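Accompanying notes for the structure given below.
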Amino acid sequence: MIGIQDRKLVLWNIGVAYIAFLIGTFCGLLQVFIRNDALELPAWLDYYQILTAHGVLLALIYTTFFIFAFFIAGMSKTLGNFGPKVSLFAWLGFIVTLIGTVLATIMIISGKASVLYTFYAPLKASGWYYVALALVVIGTWLSSFALVGHYIAWKKRNKGQLSPLFAFMTISTIILWIIACLGVVATVVFQYIPWAFGWVDTINVELSRSLFWYFGHPLVYFWLLPAYIAWYVVIPKLVGTKVFSDSLARFSFVLFILFSIPVGFHHQLTEPGISSFWKFLQVVLTFMVIVPSLMTAFSMFATFEISGRKKGGTGLFGWFTKLPLKDVRFTSIFIAMAFFIPGGAGGIINASFQMNELVHNTLWIVGHFHITVGAPVAMTSMGITFWLIPYLTGRKFTKQLQKLAFIQIISWTIGMLLMSTSQHILGLLGAPRRTAYSGYNGHPSTLDWFSGILSNHVTMAVGGTILFISAMLLIYIVANLMFVAPKAKLKEDLVEFPIAESDKSHTPKFLENWWIWIGVAVALIIMAYALPLSDLIHNAPGSRGHITW
C-alpha cells in the first residue's frame, strides 16, 4: 500500500489539478458563447483573458499536476514508498509549481497576461507572468528529479534487473520533458523576462517562437505518454490479461524520446524566417512519430483480441463483445483511444506543407487540439481518476457514483463530438481561431459560419455547454471520492492500483541504457536545430513588443 506521505502528495496534486480543471472549463464555456455573439462580458473582463486562462489552466496546469500525481502513485506502487530525501524533493517541486500557478493565474485574471498559452512575442505580458511560467517549469523539474532519484535508488538495490514497465515509461516521459523544457526555459529566462522588465528594448520574435515550439510539440507527448502508460499497463489488467509485449512497449517509448522533440518547425510552416529545407526535415521527423503511435495501436488491439478470445469470443470481431464495457474505468479509456484515431489523422494534415496552409490559423486547429488532448488525454485521466482516488482515500467507488461516471463519460463524448466536429468544419470554411465573435461586417463568406447543422457556431456552443455540464459532474464525483463516499470496511471493497503483469524475460537490456537514447536524441536535435537557430540568432530582427488589450 502507498505510504501516508506519498498518498498526501498525490491527493494534493489531484486537488490542484481539478481546481484548475473547474476554472478552465468555465472559461471554455464563456468562450463558445462569446464566439456566437450570445454573451457580453463585464468591462473588467475580456475574451483574451478567459482564452488565456482556459489554455493555461487546462492544457498546462491541469495536465501537469494530474500527470505527476499519476507518476508519484505509480512509482510508489511499483518501486516502493519514497524515502525522506525523495519525498522532500517531490513536495518542494509541488510547492514551487503551485506558487508559479497561483502567480500566473493572478496575472491573467488581473489583465496583465492576455497572451494566450503560447505567449507569442511580440505580444507582451507582465514580467511576473514569465517569472510564474519559469517557476512552474522549475517545480516540475524538482518533482522529476525526485522520481529519477527514486528510480536510481531502486536500480542500485536491484542491480542488473530491468525496472518495472510503469517505472521505465515514467522515466522515459521525464527524460523527454526535461530535454524539451530546455527550449522554453531558454526563451523565458534569457528573452522574455529581460524584455518584459525593460532590461532590453527588443526581443527576437522568430527565435522565441522557434524555442517555444522546440518545447511546444513534445509538450503534446508529455500529455499523451502518461495516457499511453495507462493504455499499456492498466488496460490489460482491466481486461484480464498480460501486457502484450514488454519489449514493444519499451521500444515505443524510446522512439518517442527520439522523434517527438526535433519537430517543432511543423508548427511554423507559414512563418517566413525559416528556410523550407529545415521545415521539410522536421516534417519528415514528425511523420516518424507516427511509428510508435501505430505500435501502440497494434499492441492495444492485440491485447483486446487476446483477452476476448480467452473469454470465448469467436469470429472476426467476437472478441469485442467480451470487452468489459460495463466497467467505466475501461470504457472511458476505450473511448479515449477511439478519439485518437481521427485526432492522429488530423495531425498528419496539420504537418503537411500544402494542407497546413489551408487550416493553419483556423478553428480546424482548435478542433484538432480538442480531440487529441481534450478527448484522449482528458478521458484517460478521467478513467484513472475513477480508481486512483479510491485507491488513495480507501473510499468506495459506489454503484451510484459508477452510474454518474458513465453519464459523465457519455456526455463528455457527445459534447466533444459536437464541438470538435463543428470546429473542424468551421475551420475548413475559413473561420479564424484566437478571436472573439467576428462576422466581418456581414461578409458573404461568413454566412456559412452561422448556418447549417454542424458548420455552426451554435452547434459549437451546444457542445461546449454539454462539456461544461459533464465537467461539473466530474467535479462532483471527484469531491465525493475524496471526502464523502463511505470508507471501505472489507478488504474486497478496497480499490487497487491496476497494473498488469509484464513478461520481461525476452526484453533486451540495452533498451534501458538511457545514455544511448539521450545521445541519439541530442544528435537529432542538433541536426534539426543547430544551424537554423544559429541563423535566427544572428539575422532575425527584434521587436519592441505590443500590449493590445
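The values are calculated or read from the model by the stated rules, or taken from the named source; none is laboratory data. What you are looking at is a predicted structure, and each value in this text was computed from that prediction instead of being measured. Methodologically, a virtual Cβ is constructed for each residue, glycine included, from the backbone with ideal geometry; neighbour enumeration extends over all protein chains shown.
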Are there any pairs with C-beta distances below 6 angstrom linking a residue in the stretch 318-345 that is of a type in the set (S, T, N, Q) to a residue that is surrounded by fewer than 21 Cβ atoms within 10 Å (Cβ to Cβ), with the two at least 6 apart or on different chains, and if so which? THR331/LEU325
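If you go through the stretch 16-24 one residue at a time, do you hit one that is more than 30 Å from GLY93 (Cα to Cα) and in a helix (DSSP H, G or I)?
no
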Does any residue of the stretch 385-392 turn out to be closer than 20 Å to TYR228 by Cα and within 14 Å of the chain's Cα centre (by Cα)? no
Residue ID - nearest to the chain's Cα centre (by Cα), chosen from residues in the stretch 428-446 that are more than 14 Å from ARG35 (Cβ to Cβ) and not in a loop (DSSP other than H, G, I, E, B): LEU428
Hey, which of the helices (runs of 4 or more DSSP H) in the stretch 126-243, taking only ones fully inside, have at least 2 residues that are touching a helix residue (DSSP H, G or I) at 6+ places or on another chain (Cβ under 7 Å) and polar (S, T, N, Q)? 127-157, 165-187, 205-229
The residue from PHE510, PHE497 that alone is under 30 Å from SER163 (Cβ atoms), out of contact with any Leu (no Cβ under 6 Å at 6 or more places or on another chain) and touching a residue at least 24 places away in the same chain (Cβ under 8 Å) is PHE497
Members of the stretch 407-453 found to be touching a His at 6+ places or on another chain (Cβ under 9 Å) and either over 19 Å from LEU358 (Cα atoms) or surrounded by fewer than 16 Cβ atoms within 10 Å (Cβ to Cβ) (or both), listed by number: MET416, MET419, TYR437, PHE450
All-but-one check, ILE138 against (1) at pLDDT 95 or above; (2) more than 20 Å from ALA180 (Cα to Cα), failing number (2)
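Please go through the stretch 475-503 and pick out each residue that is of a type outside the set (Ser, Thr, Tyr) and assigned to a helix (DSSP H, G or I). Even if it seems obvious, please write down each step before you answer.
Our first condition is that a residue be of a type outside the set (Ser, Thr, Tyr); within the stretch 475-503, this holds for 475, 477-501, 503.
Residues satisfying the conditions are ILE475, ILE477, VAL478, ALA479, ASN480, LEU481, MET482, PHE483, VAL484, LYS491, GLU492, ASP493.
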Anything in the stretch 531-544 that is under 9 Å from VAL205 (Cα atoms) and assigned to a loop (DSSP other than H, G, I, E, B)? List them, or say none. ALA540, PRO541
Of all residues in the stretch 511-549 being touching a helix residue (DSSP H, G or I) at 6+ places or on another chain (Cβ under 6 Å) and aromatic (Phe, Trp, Tyr), which is nearest to ILE152 (Cα to Cα)? TRP517
Among the numbered criteria (1) in a loop (DSSP other than H, G, I, E, B); (2) in contact (Cβ under 8 Å) with a residue 40 or more places away in the chain, which one does GLY312 miss? (2)
Flag for THR118 being part of a loop (DSSP other than H, G, I, E, B) and within 23 Å of ILE371 (Cα to Cα): yes
Given (1) outside any helix (DSSP H, G or I); (2) farther than 30 Å from LEU9 by Cα; (3) in contact (Cβ under 8 Å) with a residue 12 or more places away in the chain, number of the condition MET416 does not satisfy: (1)
Within the stretch 199-216, work out how many residues are crowded, with 23+ Cβ neighbours inside 10 Å, under 8 Å from GLY264 (Cα atoms) and either of a type outside the set (A, V, I, L, M, F, W, C) or free of Cβ contacts under 8 Å to residues at least 24 places away in the same chain (or both). 2
Go through the residues of the stretch 241-251 one by one and say whether even a single one is in contact with a Pro (Cβ under 6 Å, 6 or more places away or on another chain), of a type in the set (A, V, I, L, M, F, W, C) and within 18 Å of PHE168 (Cβ to Cβ). yes
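To keep it simple, each residue is scored yes or no on (1) in contact with an Asp or Glu (Cβ under 7 Å, 6 or more places away or on another chain); (2) exposed (fewer than 15 other Cβ atoms within 10 Å of the Cβ); (3) not charged (D, E, K, R).
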residue: LEU285; (1), (2), (3): no, no, yes
residue: VAL289; (1), (2), (3): no, no, yes
residue: PRO292; (1), (2), (3): no, no, yes
residue: THR296; (1), (2), (3): no, no, yes
residue: GLU305; (1), (2), (3): no, no, no
residue: LEU325; (1), (2), (3): no, yes, yes
residue: ARG329; (1), (2), (3): no, no, no
residue: ILE335; (1), (2), (3): no, no, yes
Number of the condition not met by ILE203 [criteria: (1) farther than 27 Å from TRP514 by Cα; (2) β-branched (Val, Ile, Thr); (3) under 25 Å from the mean Cα position of the chain (by Cα)]: (3)
Output the number of the condition that ASP37 fails; it satisfies all remaining conditions of (1) part of a helix (DSSP H, G or I); (2) at pLDDT below 95; (3) of a type outside the set (A, V, I, L, M, F, W, C). (1)
